[in-house]
Each structure stands twice: as C-alpha cells, then as structure tokens.
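Undergrad: Quick one: the structure is below, questions incoming.
Rule-based calculations on the coordinates, nothing more; no lab input. Keep in mind that this is a model prediction, so the values were computed, not measured. All Cβ positions, even for glycine, are placed from backbone atoms using ideal geometry, and neighbour counts span all protein chains on display.
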Amino acid sequence: MTALLEARNVSKTFGAGLFNKKHTVALQSASLTLSDERPSITAIAGESGSGKTTLARILLGITQPTSGDILYKGQALSKLDRATWKTFRREVQAVFQDPFEVYNPFYNVDHVLTTPISKFYPNAGHAETRQIMEDALRSVGLRPEETLGRYPHQLSGGQRQRIMVARALLLKPRIIVADEPVSMVDASLRATILESLLNVHKQFNISLIYITHDLTTAYQLSENIMMMYQGAVVETGDVDLVIKQSQHPYTQLLVDSIPLPNPKLQWGQRDFTQRTQSNGAGPNLGCRFADRCPHVMSICREKLPPLYQTDERRSVACYLYKDAPVAEVAVAA
Amino acid sequence: MTDVLRVQDLRVHYHTPSGPVRAVEGVTFSLKKGERLGLVGESGSGKSTTVLALLRMLKDPAKIEGGQVLLDDVDLLTLSDAEMRAARFARIALIPQGAMNSLNPVMRIKNQLGDTIKYHNGNLGRSEMTAKIQKLLESVGLDKGVADMYPHELSGGMKQRVCIAMGISLQPAVILADEPTSALDVVVQRQVMETLGKAQEEIGASLILVGHDMGLMAQFVHKIGVMYAGKLVEVGPVNDIFEEPLHPYTQLLIASLPSLEGKGVFKGIPGITPSLLNPPPGCAFHPRCPKVMDQCKVKAPVFQEVRPGRWVSCHLY
C-alpha cells in the first residue's frame, strides 16, 4: 500500500545566523502517514514553539526539511517533476491561521477564488468560473450572492475564514492542511468553521490535517492526534486514547490544564508542577520535557526516548513505558 | 454583604463621521467584596470598552455619555482628572490584555513596579522599596531576581505576572483583568490564573475578568455577565448560567462550546453580529434568535431580575 502523503523522520533546524550561533531544533524526526484509501482527520497539537506549524509547512512543501523526506504517493517531494509538482500543489491545499492577513484589501474577495481557478483550469469560461466559485461557497455554508463582489473589510472573520476553506475546496484537493484555522475567530463562530471543515471531509472524502493548540476542538474533530513538545512527538495515536487516557506526563499536564466549560469540573485534579517553561536553549540530549516532568529519571536527561508502542493504536515517547516495543510507524491513519 | 462597585446605566458612544456607535448602551451591574465577575461576549460586544470606561481611560472618539460608576459610593465619573489619577491603581487597577506590549522594553522591572508605588506613596527609602518589590514579585510566584531584568528576558507568562504584581501593588478594591491570558498557552494560562486568583484573595479585592473563553470563566469566576451588542443580556451565578442559561443568546453560546464530551457535533450561532452604528430595532439579537416573537422586532426588552440573582433582558421572561 502506498501512502497518499507520508513524512519520514523529518527534522528541521533553524538558526546559526550571523549573531546567534545557537541552532534551534524546530522539529525532530517526526513521522506521519496518511492513507490513500480512507480519508482521515489527523490533529497535530502542541503549545507555541512545539514545531506544529513547521511540520505543516514541510508537509505543504513550503519549507524544506533539514533531513528526512516527504513522500507524495510514494515519490519524494524534492524529486518531483514539474507536472507532478503541480498535481501536488492542487491536491494538497492549505488554510492558514489569520483570516485578516491573507486578503489583499484592494481586491474584492472574488480575487482569492478566481486566481486558483485561472491557474488550474485555464480553459474555464466566465460562467463556468462563476459556477465553481458558487458551488465551493455553498458547500461551506455561505450564500454566494451575499459574499461575491464584497471587499474583505465588509465580511466578518468567520466569513473570511470560510472563504479560505472554499478556496481550498475549489481545486478538489485530496488533503487540506488547516493551521490553527479557528484561533483568531470568535468562540461563537469557531463551531461553524469546524463544522464546514467536517462537512468537507465527509462530503468530498478529503483528508484533513488539523493543527491546533486547542485540545478540545482537536478531540471533537479528529480521529488521530499527534502531540508535540518542543519539536518532538511525545504521544501519538487514537484521539480517544491520547486525550482520555493520556500516558505521557506532558499530555497529562496539558489535558489537565484545559479550562473546561463546566464549573463543576475544577482545575487541579492532578499534581501540578510549577516550573516555568525551559526555553529550549539547554543541551538537546535527553527528553525535552525532563525539566518539567514530575516522573523524571536519570535516563531521561541522557537520551531522547523513542516512541514506544504501548497500545495497538497509540505510541508514547517516554521511558516510563520502556517495556513496550519500539514503534515502527508513527501514525498509520 | 455590601456592594463595592455599582455600575448604573453606563453608556459609551464612539463618535465617528458616520454617526455615533453605541458601544456600551445602558450597562448595569454590581460587585460584592471579594467577588469575581466574568464579562463575556463576542468581539465588538462592548466588554473592553466597559472596562476602560470604569477606569476613565477611553480616548477620542469614545465618550462616556451617561451613567454612574460608584466605587464605595463615590461616582468615579464625577471626579476631577487629578482625583481619578490618584484612584487608578490605588482603588481600581487594570491588568491589560497582551502583557507583551504593556511593559516598557528599556526599563528594568523594578523601576516599572516602583513607578506606580512612587506616584501614589511618595518616595520610599531604597531598602524599603526593594523589600516591597521583592515581596510583590514573590506574591505572584516570580523569583526576586526578576526585579533587575528587562522585559525581553522574561517569557510571556512571566511578563503577565509582572503586570499582575503591578495591578495588586497598591491593594486596590477592584481589579479589572482584560483577557489577561489570551496570548498564553494553556499550561501557562492556568498558572497565571491561579496566581491572579491567589493574589486577589490575599488583598481581598473584587475582580472583573473580561474574555470570551467560557471555559476559563467556568473555572475562575463566581458570576457571569453576558454582553451582546453593547448591552448586558444576562447576569447570574456561574453555576446557574451553565446549567440553565435563560437568554437565547447565552443558550446558544453555551451549546456552541467544545468539550471533551460528545464528538463531531458542532453547533454554531447562525448569523452575524449587528452593526452598532445602525443596530436592529427592538432587541438587538432578534435577527439571530431562534425564539424570536413579534414584539422583539419593535420593543427593546428591559433588563430585569426574573429570579433572585438572575438578571435577563428578554421578552420571554
């Protein structure tokens, strides 16, 4: 079975600039597989600086990994010929975080929709272009007659973000990579955007990669989740297992810190370490979480733990589970 | 218990070339000693404007058009500018949104904290001032070495704690916190909120937390005020609001919250926020309301106490 999109041990190191001699390891051998047969929703979750956006940009082919490979239908991205690269560009689409910055305020919103159409369907006439745009807008729950021809400032953040989902849809992609699509819109509108993403997945069989720092929406939307901390994957697998029965101390800490919208479930069920976040400047030898971990052992500071397969559908990078076999593939979605 | 803060019929308009924008229109609430009130609402609902109006820190084109802000029976809106300056921080303090941008990048933390204290308490001796600043930093869980640092040497969570330290430095009666953790990660957010709660309880202040994160509200406040289009539409104890929201907007808001129960069901609130320049007649929520009646379209509902402690502005009650 060839995977549709596969990341094989990708790493990315930034830095060593003119003034700053330190390297920043933004991503450390992350692996991810999206199946070609069954569309899936995978969440990549972590705090700021966890490397989730770097991974997204590498998956989209915007950023080159320092090592490792991205395979699209079995071919390495770096070695694609022009025609296949164009197919990849069409079939893997992105929705970005900020629905305010992606628009040029001088063009009306039709512009972001017509540009990809003229690039990928050069033969489409005026009427056909209009039809494609209207269909895409309707499938994200927008009324074309109220949307087309308007300028970005005349639309709300939620509407703009849904137009971005529509834009991604236009080209009938196989995969949509959504990088924090709801973090800049109001709470009441978040649900509508996530709903349109879910509909798109169900209706058009598109696989989603949902990048977020919000574990509640990740839980609601996805089947699989990859938890990241300072560039390393700490826990990955079935979302129910990872969130509801977390094994990695970091995942446990995060799940425990979610402010649940229920006054009866208060914070502080679990012991909470008060350590401030380390800034990643220390030696990168051991587990990144060792400084904050309540269960830290001496081995944690010596060697980065591999992913242990603790469950059929979940693996954890923590020496607490070192009796389990080392995992072969990270996420097999 | 007596009310520390009573806000009555507060109205703030932004005077724009296209006419007045009614950002805050008749907001009334009260706050008891030690109580924590959460103000929630979408962006543009007037929650931040309300907070800035309480401090009289609004800038042109915003103007307070009327109402009363009674802090221990003194109307802040009638004070002279000098009197108001003396009251800020000492009686009513602000912890701003985005701590990243509210500290002066070229001043050491101790000088920034010292500025506030100096203005209100006059010059303390050097050792007295150092001791006071160290105690303040310790009370928000920071190392005393932070006093000699510059803001860029601190993480976001640490900067926010410095702002909390500044807010409590003069032991105000009321603390206003405007989305104090919106830029922070969840783990740090929890630490900062716990620090804020502890500091507030220590000095016995009342607190208003502004935000749109209902989860954070559920964890932190005692009472919730829901704002929509410049008006308070519902006020009540936090447990009651989550268990049995009365206003249709609050009901939709609570139903739209993601939680760790129930998967793959998303319920958004249909429609968009009305323009405050030209608000719909009657109840401002009627175009989006699932329970809309004829009178909602013509007559604005009155904000009234429908049950003990539960205030709602809706024709259903």
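Undergrad: Any residue in the stretch B:104-125 that is surrounded by 14 or more Cβ atoms within 10 Å (Cβ to Cβ), within 14 Å of chain A (Cβ to nearest Cβ) and outside any loop (DSSP other than H, G, I, E, B)?
TA: no
Undergrad: Could you please let me know if A:SER188 is more than 22 Å from A:GLN28 (Cα to Cα) and facing another protein chain (nearest Cβ under 9 Å)?
TA: Spelling it out, A:SER188 is indeed more than 22 Å from A:GLN28 (Cα to Cα) and facing another protein chain (nearest Cβ under 9 Å).
Undergrad: If B:THR181 passes every condition in (1) in contact (Cβ under 8 Å) with a residue 40 or more places away in the chain; (2) closer than 30 Å to B:LEU253 by Cα; (3) crowded, with 20+ Cβ neighbours inside 10 Å but one, which one does it miss?
TA: (1) is the only condition that B:THR181 fails.
Undergrad: Follow-up. Which count do you get for residues in the stretch A:254-268 that are within 7 Å of another protein chain (Cβ to nearest Cβ) and assigned to a helix (DSSP H, G or I)?
TA: 2
Undergrad: Got a sec? Which of B:SER48, B:SER30 is under 24 Å from B:GLN251 (Cα atoms), in contact (Cβ under 8 Å) with a residue 40 or more places away in the chain and surrounded by 14 or more Cβ atoms within 10 Å (Cβ to Cβ)?
TA: Of B:SER48, B:SER30, the one residue that is under 24 Å from B:GLN251 (Cα atoms), in contact (Cβ under 8 Å) with a residue 40 or more places away in the chain and surrounded by 14 or more Cβ atoms within 10 Å (Cβ to Cβ) is B:SER48.
Undergrad: Among what's in the stretch A:191-222 and is within 13 Å of chain B (Cβ to nearest Cβ) and over 30 Å from B:MET227 (Cβ atoms), pick the residue that is surrounded by the fewest Cβ atoms within 10 Å (Cβ to Cβ).
TA: So the residue we want is A:LYS202.
Undergrad: Examine the stretch B:282-298 for a residue that is in contact (Cβ under 8 Å) with a residue 12 or more places away in the chain, under 22 Å from B:VAL210 (Cβ atoms) and within 13 Å of chain A (Cβ to nearest Cβ), and state whether such a residue exists.
TA: Applying the first criterion (in contact (Cβ under 8 Å) with a residue 12 or more places away in the chain) to the stretch B:282-298 yields B:282-285, B:287-291, B:293, B:295-298.
Checking which are under 22 Å from B:VAL210 (Cβ atoms) leaves us with B:284-285.
Adding the requirement that they be within 13 Å of chain A (Cβ to nearest Cβ) leaves B:285.
Within the stretch B:282-298 (the criterion being in contact (Cβ under 8 Å) with a residue 12 or more places away in the chain, under 22 Å from B:VAL210 (Cβ atoms) and within 13 Å of chain A (Cβ to nearest Cβ)), the answer is yes, since at least one residue qualifies.
Undergrad: So A:GLY141 passes all but one of these: (1) buried (at least 17 other Cβ atoms within 10 Å of the Cβ); (2) more than 14 Å from every other protein chain (Cβ to nearest Cβ); (3) not charged (D, E, K, R). Which condition number does it fail?
TA: Going through (1) buried (at least 17 other Cβ atoms within 10 Å of the Cβ); (2) more than 14 Å from every other protein chain (Cβ to nearest Cβ); (3) not charged (D, E, K, R) one by one, A:GLY141 breaks only (2).
Per-residue answers, yes or no, for (1) more than 28 Å from B:GLY282 (Cα to Cα); (2) outside any strand (DSSP E or B); (3) hydroxyl-bearing (Ser, Thr, Tyr):
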residue: B:LEU39; (1), (2), (3): no, no, no
residue: B:LEU52; (1), (2), (3): no, yes, no
residue: B:MET57; (1), (2), (3): yes, yes, no
residue: B:LYS63; (1), (2), (3): no, no, no
residue: B:GLN68; (1), (2), (3): no, no, no
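Undergrad: Here are some residues: B:ILE254, B:ILE272. Which one is surrounded by fewer than 20 Cβ atoms within 10 Å (Cβ to Cβ), aliphatic (A, V, I, L, M), more than 22 Å from the chain's Cα centre (by Cα) and farther than 19 Å from B:VAL27 by Cβ?
TA: Numbers: B:ILE254 fails: more than 22 Å from the chain's Cα centre (by Cα).
Exactly one of B:ILE254, B:ILE272 is surrounded by fewer than 20 Cβ atoms within 10 Å (Cβ to Cβ), aliphatic (A, V, I, L, M), more than 22 Å from the chain's Cα centre (by Cα) and farther than 19 Å from B:VAL27 by Cβ, namely B:ILE272.
Undergrad: Any chance you could count how many residues in the stretch B:6-24 are part of a strand (DSSP E or B) and either closer than 14 Å to B:LEU77 by Cβ or out of contact with any strand residue (DSSP E or B) (no Cβ under 8 Å at 6 or more places or on another chain) (or both)?
TA: Within the stretch B:6-24, the first condition is being part of a strand (DSSP E or B), and the residues that meet it are B:6-16, B:19-24.
Now restrict to residues that are either closer than 14 Å to B:LEU77 by Cβ or out of contact with any strand residue (DSSP E or B) (no Cβ under 8 Å at 6 or more places or on another chain) (or both): B:6-12, B:16, B:19, B:24.
Looking only at that region, the number is 10.
Undergrad: Looking for whichever is touching a residue at least 60 places away in the same chain (Cβ under 8 Å), under 19 Å from B:SER102 (Cα atoms) and either out of contact with any strand residue (DSSP E or B) (no Cβ under 8 Å at 6 or more places or on another chain) or within 9 Å of chain A (Cβ to nearest Cβ) (or both) here; the options are B:VAL192, B:VAL210, B:VAL162, B:VAL188. Which one fits?
TA: So the residue among B:VAL192, B:VAL210, B:VAL162, B:VAL188 that is touching a residue at least 60 places away in the same chain (Cβ under 8 Å), under 19 Å from B:SER102 (Cα atoms) and either out of contact with any strand residue (DSSP E or B) (no Cβ under 8 Å at 6 or more places or on another chain) or within 9 Å of chain A (Cβ to nearest Cβ) (or both) is B:VAL162.
Undergrad: Any idea which of A:ILE132, A:ILE58, A:ILE70, A:ILE117 is assigned to a helix (DSSP H, G or I), buried (at least 18 other Cβ atoms within 10 Å of the Cβ) and in contact with an Asp or Glu (Cβ under 9 Å, 6 or more places away or on another chain)?
TA: The unique qualifying residue is A:ILE117.
Undergrad: A:ARG150 fails exactly one of the following numbered conditions: (1) without any contact (Cβ under 8 Å) to a residue 40 or more places away in the chain; (2) among the charged types (D, E, K, R); (3) surrounded by fewer than 22 Cβ atoms within 10 Å (Cβ to Cβ). What is the number of that condition?
TA: All conditions are met except number (1).
Undergrad: Then there is this: Quick check: is even one residue across the stretch B:185-203 buried (at least 24 other Cβ atoms within 10 Å of the Cβ), out of contact with any helix residue (DSSP H, G or I) (no Cβ under 6 Å at 6 or more places or on another chain) and not in a helix (DSSP H, G or I)?
TA: no
Undergrad: Sticking with this structure for a sec: Go through the stretch B:238-267 residue by residue and tally those that are assigned to a helix (DSSP H, G or I) and over 19 Å from B:LEU37 (Cβ atoms).
TA: Matching residues across the stretch B:238-267 total 4.
Undergrad: Name the single residue that is farthest from the other protein chains (Cβ to nearest Cβ) among those in the stretch B:222-231 being crowded, with 20+ Cβ neighbours inside 10 Å and assigned to a loop (DSSP other than H, G, I, E, B).
TA: B:GLY230
Undergrad: Still on this structure: Within the stretch B:137-152, can one find any residue that is in contact (Cβ under 8 Å) with a residue 40 or more places away in the chain, touching a strand residue (DSSP E or B) at 6+ places or on another chain (Cβ under 7 Å) and at the interface with chain A (Cβ under 10 Å from one of its Cβ atoms)?
TA: no
Undergrad: Another one. Scan the stretch B:232-241 and tell me whether some residue there is surrounded by 22 or more Cβ atoms within 10 Å (Cβ to Cβ), more than 21 Å from the chain's Cα centre (by Cα) and of a type in the set (A, V, I, L, M, F, W, C).
TA: no
Undergrad: Could you list, in sequence order, the residues of the stretch A:223-239 that are in contact with a Phe, Trp or Tyr (Cβ under 8 Å, 6 or more places away or on another chain), of a type outside the set (A, V, I, L, M) and more than 13 Å from chain B (Cβ to nearest Cβ)?
TA: Passing the criteria: only A:GLU235.
Undergrad: When the residues of the stretch A:73-100 are narrowed to those that are part of a strand (DSSP E or B) and small (Gly, Ala, Ser), which ends up surrounded by the fewest Cβ atoms within 10 Å (Cβ to Cβ)?
TA: Residue satisfying both the conditions and the ranking: A:ALA76.
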